[in-house]
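Read through the structure below, which is laid out as structure tokens, and then see the notes.
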Amino acid sequence: MVGVELARILAMTSWAGPEALPGVIGLDHIGLAVADLAAAVTLHTEVLGLVARHRETNTDQGVEEVMLSPVGAGPGSQVQLVAALDQHSPIHRFLARHGPGLHHLAYAVHDVRNASDVLLRRGLRLLYDAPRAGTRGSLINFVHPKDTGGVLIELVESAAQTQGQG
Ligand code: V0V
Ligand code: CO
């Protein structure tokens, strides 16, 4: 359909008029808040059969995380286990209020600054004025869950995309 194709092309450009879309290009990962990272990794590998691909401490976000995906899965089939580094971590607060479980949904976007600007103009609250460091050198921002039907949405621009833009 021409309209859909036009919207896709507009979303891929850095120009962002009032009707522009944020340029979502896929799912990146689903984030699970866990209290016991080692136990959660064992569940997802030894019981569910996923493969742990990456482990990282992100002090800016206050998390220790492990990224997993099934054998042979595409780039959007990732599960991110996130544990709190300390009591100041948003994960610590989440666990205290809700207990372990689904924490966020991460969309891959072409350009996180552009996506954030577009969503801001649509009246959604972005958590950061500028993108911050995410897993594997990515750039991330979040949309407040109160503006998205109760789901914390992460926007991820992968390091490969950032490098590709020069
Ligand atoms: C809080 N709320 C949530 C939520 N967290 N709703 C859905 N999903 C969540 N994850 C609700 C909560 O139930 C309250 O609703 C309301 O939002 C305010 O909650 P709060 O406990 O007062 O929480 P705040 O305002 O102190 O903080 C909430 C936000 C915070 C979302 C602003 O968690 C935050 O800054 N998150 C972004 C950073 C983050 O989460 N990093 C960890 C992932 P009621 O009860 O009032 O109705 S790091 C990551 O994914 C990385 C590194 C990566 O992928 O690369
Ligand atoms: Co995440």
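Coordinate-derived values only; no laboratory data. Remember, predicted model here, so these are calculated numbers, not experimental data. Here Cβ is always computed from backbone atoms with ideal geometry, including for glycine, and neighbour counts include all displayed protein chains.
Give me the net charge for the shell around residue 68: Cβ to Cβ below 15 angstrom, other residues only, Lys and Arg +1, Asp and Glu -1. Neighbour charge sum, excluding residue 68 itself: -2.
By the Kirkwood approach, averaging reciprocal distances over each pair of separate Cα atoms, the range 72-166 gets a hydrodynamic radius of 14.4 Å. Along the axis of the charge dipole computed for the chain (Cβ charges of +1 for Lys and Arg, -1 for Asp and Glu, origin at the Cα centre), the listed residues 83, 108, 134 are led at the positive end by 108. Please compute the contact order of the chain in relative form: average sequence separation of alpha-carbon pairs under 8 Å and at least six residues apart, divided by the residue count, as a percent. Answer for the chain is 23 percent.
Can you give the % of DSSP beta bridges in the chain that are antiparallel, to the nearest 5? Bridges in the chain that DSSP calls antiparallel: roughly 75 percent.
Per-residue ellipticity at 222 nm, computed for the chain from helices alone with -39500 (n - 2.57) per DSSP H run of at least four residues, works out to -7000 deg cm²/dmol. Each of 51, 27, 123 was placed along the dipole of the chain (beta-carbon charges, centred on the mean Cα), and the one lying farthest toward the positive end is 123. Note that the chain carries a Kirkwood radius of 16.7 Å, evaluated over its alpha carbons pair by pair. In this Cβ point-charge picture (+1 for Lys and Arg, -1 for Asp and Glu), the chain has a dipole of about 240 debye about its Cα centre. Other residues with beta-carbon under 13 Å from the beta-carbon of residue 122 carry, at +1 per Lys or Arg and -1 per Asp or Glu, a net charge of -1.
In the chain, the longest principal axis of the Cα atoms and the axis of helix 112-121 are about 70 degrees apart.
Full extension of the chain segment joining residue 144 with residue 120 gains 7.5 nm, where the gain is 0.36 nm per residue of separation less the Cα-Cα distance.
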